[in-house]
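Engineer: Here's a structure for you.
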Amino acid sequence: MRFRRLWSRKRQAEFFNRLSYLLENGFDLQTALALIQRSCSKWSADIDVIVADLAQGKLLSVCLARFVNPSIIAELTLVELHGQQQRF
């Protein structure tokens, strides 16, 4: 596993805005990530890593931890624990 830097705040916000929009409009997580990846080629390598981790059964919070601020990961972990997050 290679070390990855955290995304900028702007990039984190853009990622979660896109992801939440797609999920709210009925796309499953896998499809939403694929659409984000296709629409923003600069994220392609990072999303490849996230998708590969999800395919191994890791939680979304774990998959995003290398890219996203720890406070956001903490909130996402709480959501996962309460069963409100869609499964891959």
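Engineer: So in the range 60-77, with the set limited to residues that are over 10 Å from the mean Cα position of the chain (by Cα) and not in a helix (DSSP H, G or I), which one is farthest from LEU29 (Cα to Cα)?
Structural biologist: Step by step, filter the range 60-77, then rank; the result is ASN69.
Engineer: Looking only at the range 37-51, which residues are over 18 Å from ALA65 (Cβ atoms) and part of a helix (DSSP H, G or I)?
Structural biologist: Residues satisfying the conditions are GLN37, ARG38, SER39, SER41, LYS42, SER44.
Engineer: Quick one: what pairs do we get from the range 21-43, first residue more than 17 Å from TRP7 (Cα to Cα) and free of Cβ contacts under 8 Å to residues at least 24 places away in the same chain, second among the polar types (S, T, N, Q) and surrounded by fewer than 13 Cβ atoms within 10 Å (Cβ to Cβ), C-beta under 8 Å, 6+ apart or different chains?
Structural biologist: Taking only residues 6 or more apart or on different chains, the pairs are LEU22/THR31.
Engineer: Here is a follow-up. Where the second residue is in a helix (DSSP H, G or I) and at pLDDT below 95 and the first is within 15 Å of ARG11 (Cα to Cα) and of a type outside the set (Gly, Ala, Ser) and lies in the range 53-80, which pairs have Cβ atoms under 9 Å and are six or more apart or on separate chains?
Structural biologist: Sorted first by the residue in the range 53-80, then by its partner, the pairs are LEU64/LEU76; VAL68/LEU76.
Engineer: Say we look at the range 30-52 and pick out the residues that are under 16 Å from ALA13 (Cα atoms) and among the aliphatic types (A, V, I, L, M); which of these is surrounded by the most Cβ atoms within 10 Å (Cβ to Cβ)?
Structural biologist: Of everything passing the filter in the range 30-52, LEU33 is surrounded by the most Cβ atoms within 10 Å (Cβ to Cβ).
The values are calculated or read from the model by the stated rules, or taken from the named source; none is laboratory data. Remember, predicted model here, so these are calculated numbers, not experimental data. Virtual Cβ from ideal backbone geometry, glycine too; neighbours counted across all protein chains shown.
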